[in-house]
Structures are given as C-alpha cells and as structure tokens.
Amino acid sequence: MIEVNYNNNDYKSLAQMLVRSFGLQVEGDVIRLPKNIGEGFVIPYNLPEGVSIIVSDTILYDNLFFHRQATASQHYFILQFNESFTKGEESNTPPEANEQHVYNIRKHAVLLTSSLMDAKFFIPKGIRIRSVRIILGSDLLNNFIGREMADKFLSNYFSMLLKNRNPELIGTDYRVLMDELIREKIDHPLRIKYISNRVMLMIEKLVTGFMGKLENNNKFIKLKDDEINRLIKVESLLVKDYSGAPPTISALSKIAAMSPTKLKRDFKSMYGLPIYEYYQKNRMIRARSLLLEGKYAVKEVGIMVGYSNLGHFAGSFRKEFGLLPSEIVNEETSAGYANTEAEPHVWSNN
C-alpha cells in the first residue's frame, strides 16, 4: 500500500512532489509512471483564474491512498471525473471503507469535495483508471453561476454526499469531454484556452444537471445504493471493450442480479438511454477519440471497436456524428477554433 498525504492547492506542485518522491519520469508536460510503479501518464495544468487540473490514464501495481488533508487557510473545491476498467471481478476495497469521506476511485462517478473536508481517495492496483481532476476557487464558482445559486447547489450537493449518495455518474456527455482532455498531447493553437473551455463545460454540466433534478421535484435516481452500484458495474462492463460483441441482456442481468425487465428500466433511468443505444453511442465516442489521437488508420479503428466491415463502421459513425470517419479529424480541427471561443451558459437567479 502506497500512501500520499498532501494539501496542495494546485496540481503542478503536487505533481512535482510525486516526481521527487517516487522517481517519476518527466517528458515535457507529461509525467510517466516507471515500470516498478505502474504504467500510463499524468499531466498537470495550471489555468487562468486559479484553476488547476490534472489528467491521467494509469494502471498502478500497488494500492494507493491519497489523503488530502483539510485546510482552513484556503477554501477551494476539488471536482473529479473518474472511470475505471478492470478485467475481472472487483476485489480491492478500501481498508477504511466504513469511514466517512473515504472514496473509491474505481467507480464511474463525478465527485465534488471541499478543501475544508479531510478526504481519502482509494485507487486499487491493477485497474486502469482515467481521471480529470479540477481545483477551483469558491470565487470562480460564485462568479460563474452567481453566489445565490452557488450556495444552493453546494448546500444540496454536500447534503446528499454526506448521506453517501453520489448524485452524478459518468455518462456519454462527460466521456466526450474527458476524451478531449485525457491526451498525451493536445494540438491546438490556443491550447490553454481550449482546456479551460472544456473544464468550464464540465463544471457547467454538473451544476445544470444537479440543479435541474433538484428543481424538477427532486428527480434523482430512486434506487437503493446497492442497486446503483450494480448498475455502475453493468455500465463499466458495457464500455470496457468494444472489440467484440456486447454482453447479452441475460448476462448483464446475472451481473446486476436483476430481472431483464428491471435491468432495462433502471439502466435507462440512470443513464438516459436503453442499454444497447447507450453501448452504441459510447462505442462511436470511443472510435472518435481513437481517430483524433492520430495514431490509427480508419480501418484499424473500425476493428478496435468491433467492425469487420469498414462500410458498416463508416455508416454507423456518420449516423452518430454526421461525418465519415475520414472527415472527422479535419472537421474537429476547424471546430476546435470555434469551440475554444464558446461562451459558457448565462446564469440567472430569476
């Protein structure tokens, strides 16, 4: 078990501490895990207005506890978007799982915490975990959505969190933004502004989604915690590997310990789409992400997401994005300029 104690208010300084402590390899902005610790990369960015983020795609060879110590001298928030991929059954659980503010990062979930809270984050060994973590000040949140709405959002969100109910899960919209940020190299002429824009879109999605449910007669998921965890396991299995046929409803029902009818109803309630529509949408999002990496030919990407027929792949891709796979890179490059300039939602307390 590796333990890291910290109270840094920016990820650049935390990354420098980790590099010194564990002998991590630095290549420009990219920090690579050495083979004795794990595999993958971590990249920290300090952005305007005091925002700091760190993106990562890693597999650790030992369990890791990050212990962020509470600090009263500075007040800021930590927003995390985590998704994990495992080859087998889940076996590692936090040794202090019954304590308050101990969070298992393996779940496909969004998590907002405060610097005023002492928090521990458990990262199990042998699990591929992709993360976007954001530090933002309370002033930025107040300026972005207004103090009154910020107070309402935060009080209700943390009330749910203290009851061990996570009100937000990783879905397709978050996954698109995560894919745009979790890259070893972001080729964009206005790179920092591009990254800042995606960060603000993720914050906006969290707030609008939560407040929309709160104001629409508290329409949060009416499921037991154990049912939610089982559905998260189903979703994790669906998006883990697209190279073969998706799991059958029968197989997913056994994993979820639910009848097929209940599984299909509850999955749509949690994730907004029927199971196989959700699978197909995320399959195409994965294909888009692979194409934008610039490492693979269209045919290779098609095979990686389970298509043996290139024409079928192109047709499915165009149905989802309105473009052929061969057109997506140039289109995204052009769109990147426009998207960088996109203005956040204009908030009102009226």
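The values are calculated or read from the model by the stated rules, or taken from the named source; none is laboratory data. Here the structure is a predicted model, which means the values were calculated and not measured. Here Cβ is always computed from backbone atoms with ideal geometry, including for glycine, and neighbour counts include all displayed protein chains.
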Take the conditions modelled with pLDDT of 85 or more, out of contact with any Ser or Thr (no Cβ under 7 Å at 6 or more places or on another chain), of a type in the set (V, I, T) and surrounded by fewer than 18 Cβ atoms within 10 Å (Cβ to Cβ) and apply them to I192. Does it pass? yes
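Matching residues to (1) modelled with pLDDT of 90 or more; (2) touching an Asp or Glu at 6+ places or on another chain (Cβ under 9 Å); (3) part of a helix (DSSP H, G or I); (4) assigned by TED's automatic domain parsing to the domain that holds F210:
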| position | (1), (2), (3), (4) |
| --- | --- |
| I78 | yes, no, no, yes |
| E83 | no, no, no, yes |
| E90 | no, no, no, yes |
| A97 | no, no, no, yes |
| K107 | no, yes, no, yes |
| L112 | yes, yes, no, yes |
| K120 | no, yes, no, yes |
| D139 | yes, yes, yes, yes |
| N156 | no, no, yes, yes |
Within region 1-23, is there a residue that is of a type in the set (S, T, N, Q), closer than 18 Å to I195 by Cα and touching a helix residue (DSSP H, G or I) at 6+ places or on another chain (Cβ under 8 Å)? no
Condition (residue is part of a helix (DSSP H, G or I) and of a type outside the set (A, V, I, L, M)) applied to region 291-298: is it met by at least one residue? yes
When the residues of region 1-34 are filtered to those that are touching a residue at least 60 places away in the same chain (Cβ under 8 Å) and outside any strand (DSSP E or B), which remaining residue is surrounded by the fewest Cβ atoms within 10 Å (Cβ to Cβ)? M1
Let me confirm something: among L291, L238, which residue is touching a helix residue (DSSP H, G or I) at 6+ places or on another chain (Cβ under 7 Å) and over 23 Å from T86 (Cβ atoms)? L291
